[in-house]
Amino acid sequence: MKFIVRLHAEITIKSKGVRKRYGKVLVNNLKSILRRNEVNAKVIWCWDRIEVIVPEQSSEAHSEFAPKSAEFVSELLQRVPGISWFSRSYELPLPEGEPTDFEPIMAQVLNLWQPTISGRKFAVRVKRKGTHPFRSLDLERYLGGGILKHCEGTRVDLRRPDVEVRVEIDHDTVRVFGDKQQGLGGFPLPTQETVLSLLSGGFDSSVASFQMLRRGARVHFCFFNLGGAQHETGVRQTAYYLWQQYASSHPLKFISVDFAPVVEEILTKIDNGLMGVVLKRQMLRAAEMVADKLHTAAVVTGEALGQVSSQTLSNLSVIDEATNKLVLRPLITMDKQEIINIAQQIGTADFARSMPEYCGVISNKPTVKAQRDVLAEAEQLLDKALLEQVVRQSRVEDVSQIGETTEARVTKLDTVAAVQPEQHEIIDIRSSDEVERKAFNAPNAAVTVRHIPFFKLATAFAELDPNKTYLLYCEKGVMSKLQALYLQEQGYTNVAVYQPSAVAAAE
């Protein structure tokens, strides 16, 4: 099968050299992502398009991977920055003869579209490259007439069609396109400079990180831990998810800074109304130290104008003065609901719902217009060495290795392949959206399957029967192991990980 990939419009209007460079970067990214997901594919740069060719049979001797479905490949392409849209392409040679015989093209169009076009409004769009003995309009009329004849209840609507039947004549090749599927747009990674994103795991910071990834910037994640082990587990999951879904073509870093000592110092030394602003300034100072070590060009935050007291123009101005680094705020004009909607679309909303806003509860009566002289006087009480110490003690790891480090940490956890109904229950910890998209089938009717989303598991597990062993399930296996590890650290011994793939392998 073949996919035709179109570059984002902002790439196509750039100079010839820049367009070519961006296109080649996107080709390399696609090769890396497809191979990482075990898709045996050829990716070809063709200037006005990129062709992704995936063998549908596993008979090729050189292929080390099993064939993948069109839906699987489409899901991968939808998450690669730099792609405007893409479609399946069904190709055939341009029929010869005078006048040209359009019947083979008509047959391919009907074969592809007849099952879905009946009863709907449609338009036929034909584009041509090269010299041909017919006009694009001639082929559009022929195909439109054939569709009206063979597909019941259809009618032509050139302005607002329900379905666009797209055909391209490229010299002596005919391409009949399937559904037009939208990509992420933006620029390929890493065509922009590297940035450091302050990731708290909430709605705002995860969406801001995604926006920078979509724009082609390599994003390292800096996490200031204010909530202990559970908070860090959740944020590590968010970072791993963002990398796996949208940036797996390149390595990213995850930096965890234990900020509890800094918060404790602020709580004991700073006036209540200034605590929020001082905390943000301390975070930017620490982020600058981390950014310098990683050679990043800017710091990214999820702040939006006026959303909370520390995000007024006056407070943002004095917060920025704490660092010499450029501070980027991709969400600055967005409403909270807009941010939540994007988080829902990109898949980070459920992660965010599981994490409290730790920064938002530090001041009871926060100031909305902090004075520079008052701030400077208050911060004289803080120990500069403490900030340097917590940064020096921070932990750095590759985001791609979070799954592997989790594997190493869960060596004491049981991984169960064969479920015993009298001993085990399975807990599907995926989000509701994932469950609706792909249902989980129990290995047999006697096995009980509960659905407890991962963000509710920590509180819900305490109410379960302690005499049963609960097997956590998620599609990739990473999140189930992270959650099992966390529950084990909380003292629960009746938890294990269910891996149905192990059952399939055994069979």
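Couple of notes before you dig in:
- Cys222 sits with roughly 0 Å² accessible to a 1.4 Å probe, with DNA, RNA and ligands left out of the calculation.
- Total formal charge among the other residues, if their Cβ is under 12 angstrom from that of Ser206, Lys/Arg +1 and Asp/Glu -1: -1
- Debye log10 I(q)/I(0) for region 2-182, one point scatterer per Cα, at q = 0.13, 0.17 Å⁻¹: -0.77, -1.16
- In summary, the helical segments of the chain meeting the span-like criteria, namely a full DSSP H run, a Cα extent along the axis of 24 angstrom or more and a mean Kyte-Doolittle hydropathy of at least 0.0, are 275-294.
- Alpha-carbon centroid distance for the pair region 241-270 / region 276-339, whole angstrom: 14 Å
- Farthest positive-ward along region 85-223 dipole, Cα basis, beta-carbon charges - from Ala217, Ser197, Pro115: Ser197
- Given (i) 135; (ii) 195; (iii) 182, the label whose value is volume of the Cα convex hull per residue in Å³ derived from this model: (ii)
- If R0 equals 22 Å, the separation of the Cβ atoms of Lys14 and Ser136 corresponds to a calculated FRET efficiency of about 0.20.
- Carbon + sulfur, % of accessible area of region 413-498 - ligands and nucleic acids excluded, 1.4 Å: 43 percent
- Residues of region 223-348: accessible area per residue with a 1.4 Å probe, Å²: 37 Å²
- FRET efficiency, 1/(1 + (r/R0)^6) with R0 41 Å, evaluated for Arg155 and Cys46 via beta carbons: 0.70
- Violating pairs (Cα-Cα greater than 27 angstrom) within the set Lys20/Lys68; Lys269/Lys336; Lys14/Lys129; Lys42/Lys127: Lys20/Lys68; Lys269/Lys336
- Region 186-276 - percent of accessible surface contributed by carbon and sulfur, probe 1.4 Å: 48 percent
- Solvent-accessible surface of region 413-498, averaged per residue with a 1.4 angstrom probe and all protein chains in place: 50 square angstrom.
- Taking a sphere under 12 Å around the Cβ of Ile340 and counting the other residues whose Cβ falls inside, with K and R at +1 and D and E at -1, yields a net charge of -2.
- For region 194-401, the Cα gyration tensor yields ellipsoid semi-axes of 26, 19, 16 Å (square root of five times each eigenvalue, largest first, whole Å).
- Over all other residues within a Cβ to Cβ distance under 11 Å of Glu168, the charged ones net out to +4, with Lys and Arg as +1 and Asp and Glu as -1.
- Extending 7 Å from the Cα toward the beta-carbon at both Asp271 and Lys336 defines two label points whose distance is 2.7 nm.
- Solvent-accessible area per residue, Å², over region 2-182 with all protein chains present [probe radius 1.4 Å]: 54 Å²
- Normalised by 2.2 N^0.38 Å, where N is the number of residues, the alpha-carbon radius of gyration of region 105-217 equals 1.57.
- Alpha carbon Rg of region 413-498, scaled by the compact-globule rule 2.2 N^0.38 Å: 0.99
- Accessible surface of region 2-182, 1.4 Å probe, proportion on carbon and sulfur as whole %: 47 percent
- From its DSSP helices (H runs of at least four residues, each -39,500 (n - 2.57)), the chain gives a residue-normalised ellipticity at 222 nm of -12000 deg cm²/dmol.
The values are calculated or read from the model by the stated rules, or taken from the named source; none is laboratory data. On a predicted model such as this, the values are computed, not experimentally measured, just so you know. Please note: Cβ atoms are built from the backbone with ideal geometry, for glycine as well, and neighbour counts cover all protein chains shown. Ligands, DNA and RNA are excluded from the accessible area calculation, which covers all protein heavy atoms including side chains. Shrake-Rupley method; radii C 1.70, N 1.55, O 1.52, S 1.80 Å.
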